[in-house]
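Down below is the structure, laid out as structure tokens.
Since every read-out is calculated from the coordinates, none of them should be taken as a lab result. Computed from a prediction, not measured in an experiment: that's the story for all the values here. Neighbour counts run over all protein chains shown; Cβ positions are idealised from the backbone, glycine included.
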Amino acid sequence: MTGSIVLFGPPGAGKGTQAGRISELTGKPQVSTGDMLRSAVANGTELGHEAKTFMEAGLLVPDSIIIGLISERLRDEDAAKGVLFDGFPRTIPQAEALAEIVSVEAVISIEVPDESIVERIVGRRMDPETGEIYHIEFKPPPKEILARVIQRKDDTEETVRSRLSAYHEQTAPLARWYSDKGLLIRIDGNRSIDDVGNSIASML
Ligand code: AP5
């Protein structure tokens, strides 16, 4: 594939979990707006300051901020042959803005019912040193790193519900938008991490 790939799905669907493998298979760098925003918050930048309140409330960060962030990232040399978008676009205006700057070759939609999402997100842990994503039950962190794994601030049951509402209201309509363009590939995400990964790999 010569263009970019979009990893699409609700919060906790497994986009970040699958991104590493897809990136390795395709040679496209992962571009995660969530990671970029979290790093801006951690570094105390003006952008981070603006985004923080939205993120902690489980609301989408305004389109103008996100589109600016992505346009800048796509100027980097490693983006020349397409990237793997993780968590972007999330609204129709974001997708329209993206269509003007790069060609999207495929949109991989990882589909997981809401009932499974809360359990996945509340149990998620991250290794701040490697960025590796774990789950207390489905992918337990190894003993030697247990002391350093962290929980994301927006991974509470209450915030997950707001994130799910934002997903259904503002992001889910994009599935239809991309399907109408013949780009949407639906993957059943309610299976083991390996099974989901194998299905995605077979589509690439
Ligand atoms: P972001 O960081 O993008 O969060 P998200 O979309 O809510 O996605 P997550 O990172 O929560 O989930 P994921 O699909 O990557 O799942 P994961 O692989 O970790 O965004 C955070 C915030 O930033 C947003 O709320 C918003 O405020 C803002 N933002 C970001 N992008 C934006 C944009 N474009 N526009 C506006 N605002 C934006 O897996 C989850 C858990 O499940 C893990 O514990 C994992 O181990 C486990 N798991 C994964 N797969 C499986 C499986 N198959 N079976 C069992 N467990 C599994």
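If you bin the C-alpha pair distances of the range 109-204 every 5 Å from 0, what whole percents do you get?
Whole-percent P(r) values from 0 Å outward: 2, 11, 17, 19, 20, 17, 9, 3, 1, 0.
Quick check on the range 47-93: what does the Kirkwood estimate of hydrodynamic radius come out to from the alpha carbon pairs, in Å? Intermediate results must be reported in sequence, preceding the final value.
Numbers: mean 1/r = 0.0838 Å⁻¹.
Hydrodynamic radius (Kirkwood, Cα only) of the range 47-93 equals 11.9 Å.
Roughly what % of DSSP beta bridges within the chain run antiparallel, to the nearest 5?
Taking every DSSP beta bridge within the chain, about 25 percent pair in antiparallel fashion.
On average, how much area does the Cα convex hull of the range 60-171 cover when viewed from any direction, in nm²?
8.6
Out of residues 5 or more away from R125 or on other chains, whose amide H comes under 5 Å of its own, with H placed 1.01 Å from N in the peptide plane?
For R125, the qualifying residues are Y134, H135, I136.
Could you check the simple spin-label distance between D78 and E144, using points 7 Å along Cα→Cβ, in nm with one decimal?
2.5
Would you mind checking which residues have amide H under 5 Å from A106's amide H? H placed 1.01 Å from N; only 5 or more apart, or other chain.
Close amide H contacts, sequence-distant or interchain: V6.
Specify, per residue and in Å³, the volume enclosed by the convex hull of the alpha carbon atoms belonging to the range 1-61.
Taking only Cα atoms, the range 1-61 has a hull volume of 104 Å³ per residue.
What full-extension length gain, to one decimal in nm, is calculated for H168 and A42 as 0.36 nm per residue of separation minus the Cα-Cα distance? Don't skip to the answer; put the middle values down first.
On the way: separation 126, 0.36 × 126 = 45.36 nm, distance 2.81 nm.
Answer, rounded to one decimal: 42.6 nm.
Roughly speaking, what is the stretch gain from E105 to E119, that is 0.36 nm per residue apart minus the C-alpha to C-alpha distance, in nm to one decimal?
Going from the current span to full extension adds 1.8 nm.
For the pair S192/L25, report the inter-label distance in nm, with labels modelled 7 Å from Cα in the Cβ direction.
So the label points at S192 and L25 sit 1.7 nm apart.
Treating the beta-carbon of each Lys and Arg as +1 and of each Asp and Glu as -1, no other charges, what is the dipole magnitude of the chain about its Cα centre, to the nearest 20 debye?
Working: 23 positive and 32 negative charges, 33 e Å.
Charge dipole of the chain: 160 debye, to the nearest 20.
Could you give log10 I(q)/I(0) at q = 0.27 Å⁻¹ for the range 74-133, computed by the Debye formula over C-alpha point scatterers of equal weight, without solvent?
Rounded to two decimals, the profile gives -1.14.
Mind checking which lysines have their Cα closer than 30 Å to the Cα of K52? Skip sequence neighbours fewer than 8 apart in that chain.
K15, K28, K139, K153
In Å, what Kirkwood hydrodynamic radius results for the range 1-147 from the alpha-carbon pair distances?
16.3
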